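Just so it is clear, none of the values below were taken in a lab; they were calculated from the coordinates. Because the structure is a prediction, the values reported are computed rather than measured. Cβ coordinates were reconstructed from backbone atoms using ideal geometry, including for glycine residues, and neighbour counts include every protein chain displayed.
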Amino acid sequence: MPRHPEAAMPATKSAATVPCPHCGKAVPWTAASLFRPFCSERCRLIDLGAWASESHRIPGENLPPDDEDNY
Ligand SMILES: [Zn+2]
């Protein structure tokens, strides 16, 4: 009789996860994670939107430094 039931399911904790590029949440790398490497559609859309706005920014353009959260 097994004393540790989790030992019967070794794949549970060894499933590969990736950090969501937007919020850093661990996302299981499985077919069930439709938005991987993002944790959700929201994070994917937000991140893609941020990337798009970054690409649209013209280097050398003198914009007023109004956003202080410029990582
Ligand atoms: Zn996320």
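Note that the range 23-29 has calculated 3J(HN,Hα) couplings of 10, x, 5, 5, 10, x, 7 Hz, one per residue in order, obtained from phi through the Karplus relation 6.51 cos²θ - 1.76 cosθ + 1.60 (θ = phi - 60°); glycine and proline are x.
Normalised by the number of residues in the range 16-56, the mean separation of alpha-carbon contacts (under 8 Å, six or more apart) gives a relative contact order of 32 percent.
Under a point spin-label approximation (7 Å from Cα along Cα-to-Cβ), what is the Leu34-Ile46 distance to one decimal in nm? The two pseudo-label positions are separated by 1.9 nm. Scanning residues 5 or more positions from Thr17 or on other chains, those with amide H under 5 Å from its amide H are Trp29, with H placed 1.01 Å from N in the peptide plane. Taking a sphere under 15 Å around the Cβ of Phe35 and counting the other residues whose Cβ falls inside, with K and R at +1 and D and E at -1, yields a net charge of +2.
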